[in-house]
Amino acid sequence: MLFKEKDASSLKLRAPGPMENWFIGLHDQEQFYAVGATSRIHPPPRTVLSQAVIFAAFGKLISQYAALGISLRGPSKRKPRFARLHKIDLIQVVGFVQLSKDADRNAVVRANLESKYSSPLGDFESTPLWRAVIFLPPSSSNYSEHGIDITFYVHHTIGDGIVACNFPHLFVEALSTVDSASRLSVEPVVDVPILPLEPELETLVKFSMSLPFVLKSFWKEWFPRKRKGLWLGPPIKPGPFEAGHTDLVYSLTTVSALVRVCRVHNSTVTSLLSAILARELLAVLPDAASVSAMLPVSLRRFSKSPKSAPAFGSFVASVTVEMTREKWGPLWDGAARAHEIVKTRLARDARDFDCGLLPFVWDMRETLRARLKSDHEASVFISNVGVVDDSAQAGWHVSRTMFSQSANVHFAPVSISVCTVEGGDMCASFDWRRGAGVSDEFVEKLVTRVGEAIEEVAREASN
């Protein structure tokens, strides 16, 4: 259902910033589809989450956050614009899956992720830049014990991994304040209020670049050269693709052991995972001399007001860590190197990040198309959003949040996304492109080895 705006002036919003325009181009050219987070929410006892309650909660969020009520005008053009929607039909953007008594809900969720990550989420010129899927428990289930799974998909322009994984907290807040009248009936079509849109990244973070960094960046762009022996996966194949997804889930006991042993070795879980991924990749790639991991880092710490950073928006840059077979030592040596590289990089403030060059890119879409002719930027893409709040309030809480994202055509053949709920589970998602990247068998072998390695480290920490 499309809605005509009576007052066209209320639609006018700012133009996307360089980083936002980059992500719009990625989506428009089908090089990236969405960031997602699947959370298991437990309501208070005897609470039933009806469609009316869920719609009422989304209505509350739309009334509070401008990013949830915007669309794109001319996403395929060199200079697209944001536009405020007049109304949103929640039936268009919030889907419901009723689980049967015998259903494996984790398998149902995985199938939904693969489906959503295999094509664009929708028409973003007439609908908002997000989608949600609610997996309703069997009718005989106790909602409080069973929990209800919800996947929130977001266009990377308005949300990164931290935004997606923080959404359950916002959603629980909204659910816990739905009044009794809304529990009986609510209209699925909601009005979008006139709210100020959050400023772009470049307004909030002051980037600086050294001359050597600029010259080196342009040299790499003009004369790309693959390092001999560095495994970057198969050649990039543009075009639509079928997504592959699998995941590993670890209990609080395992997570606590990992955190303890990382502290002993003055490292982090992200650095440990980087070292494990590198070691296991080299094990399954006997001909590779080295592998590299692209590690996204949050730029919120460099914001002019870090404690009041917007609830929505993408604040990401990346650091690449390369590990060679020749120089490979014990696992914790690799973790220490990864930790030191990231720590040193972040100590330089918002200086010499690739995203700082985006304002100088004349045509984002042409640049993105040109990159399809080169190699992947890294062997693996490892994004760990860290620990998120369990959202415990008024009898509600979240026991797990699984962060995931569609495979990025250009970044790396395999993406690993990690999220840990405070006092709950740690989930690690593996996403890849079927038929255009690595094989399912390759990923399955890698996931098995990584899973065993994580368990081994946790057992050692417990002894």
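The values are calculated or read from the model by the stated rules, or taken from the named source; none is laboratory data. Just so it is clear, the structure is predicted and the values come from calculations on it, not from any experiment. Methodologically, a virtual Cβ is constructed for each residue, glycine included, from the backbone with ideal geometry; neighbour enumeration extends over all protein chains shown. The protein model used for the area step is the full one, side chains on, heavy atoms only, and it has no ligands, DNA or RNA in it. Shrake-Rupley method; radii C 1.70, N 1.55, O 1.52, S 1.80 Å.
Remark: accessible surface ordering of Ser176, Ser63 (largest first) is Ser63, Ser176, probe radius 1.4 Å.
For every helix of n ≥ 4 consecutive DSSP H residues, a contribution of -39,500 (n - 2.57) applies; sum these over the chain, divide by its total residues, and give [θ] at 222 nm rounded to the nearest 500 deg cm²/dmol. Please report the intermediate quantities before stating the final value.
Numbers: 14 runs with 157 residues, N = 463.
Calculated from helices alone, the mean residue ellipticity at 222 nm is -10500 deg cm²/dmol.
Estimated from the Cβ-Cβ distance and a Förster radius of 25 angstrom, the FRET efficiency linking Arg263 and Ser399 is about 0.55.
With r defined as the distance between the Cβ atoms of Phe360 and Glu444 and R0 fixed at 30 Å, what FRET efficiency is calculated, to the nearest 0.05?
Numbers: r = 42 Å, r/R0 = 1.40.
Approximately 0.10, to the nearest 0.05.
Packing-based ranking of 88-101, 258-271 yields 258-271, 88-101, ordered from highest to lowest mean Cβ neighbour count within 10 Å. Remark on Arg400: its backbone amide H falls under 5 Å from those of Arg40, a criterion applied only to residues 5 or more positions apart or on other chains, H modelled at 1.01 Å from N. Compared with the rule-of-thumb size 2.2 N^0.38 Å for a compact globular protein, the stretch 231-328 has a Cα radius of gyration ratio of 1.39.
Determine the per residue accessible area of the stretch 1-150 with all protein chains present and a 1.4 angstrom probe, expressed in square angstrom. Mind showing how you got there, number by number?
Values: 6190 Å² over 150 residues.
In whole numbers, the stretch 1-150 has 41 Å² accessible per residue.
Amide H contacts of Leu129: Ile70, each under 5 Å away and 5 or more positions distant or on a separate chain (H built 1.01 Å from N in the peptide plane; Pro and chain starts excluded).
If only the Cβ of Lys and Arg carry +1 and only the Cβ of Asp and Glu carry -1, the dipole of the chain around its Cα centre is close to 1240 debye. Nearest 5 is fine: what % of DSSP beta bridges in the chain come out antiparallel, could you say? Given both bridge residues lie in the chain, the antiparallel proportion sits at roughly 75 percent. D by Stokes-Einstein for the stretch 106-227, Kirkwood Rh over Cα pairs, 4 °C, 1.567 mPa s: 67 µm²/s.
With all protein chains kept in place, the per residue accessible area of the stretch 217-368 amounts to 52 square angstrom at a probe of 1.4 angstrom.
With all protein chains in place and ligands, DNA and RNA left out, the 1.4 Å accessible area ranks Thr324, Thr420 as Thr324, Thr420, largest first. Each residue of the stretch 74-141 gets 96 Å³ once the volume of the Cα convex hull is shared out per residue. For the chain, hydrophobic long helices are taken as DSSP H runs at least 30 Å long by C-alpha position along their axis with mean Kyte-Doolittle hydropathy of -1.0 or more; these are 440-462.
At 0.890 mPa s and 25 °C, plugging the Kirkwood radius over alpha-carbon pairs of the stretch 159-252 into Stokes-Einstein gives what diffusion coefficient in µm²/s? Display every interim value, and only then the final one.
Details: Rh = 20.8 Å.
After rounding, the answer is 118 µm²/s.
Rounded to 0.05, the FRET efficiency of the Ile91 and Glu422 pair, given R0 = 30 Å and the Cβ-Cβ distance, is 0.35. Rolling a 1.4 Å probe over the protein heavy atoms of the chain, with every protein chain left in place, gives an accessible area that is 53 percent carbon and sulfur.
Tell me whether the chain comes out rounded, prolate or oblate; compute the Cα gyration tensor, take square roots of the eigenvalues as a ≥ b ≥ c, and use a/c under 1.5 as the rounded threshold.
Cα axes put the chain in the oblate bin.
Computed packing ranks the peptides 337-348, 46-57 as 46-57, 337-348, most packed first, by mean other Cβ atoms within 10 Å. Annotation: extensible slack from Ser217 through Thr324 equals 36.2 nm (criterion: 0.36 nm per residue apart, minus Cα-Cα distance).
Since only Pro359, Leu372, Val249 are under comparison, the one whose Cα sits farthest along the positive direction of the charge dipole of the chain, derived from C-beta charges on Lys, Arg, Asp and Glu, is Pro359.
With both labels modelled 7 Å from their Cα along Cα-to-Cβ, the Leu195 to His146 distance reads 3.2 nm.
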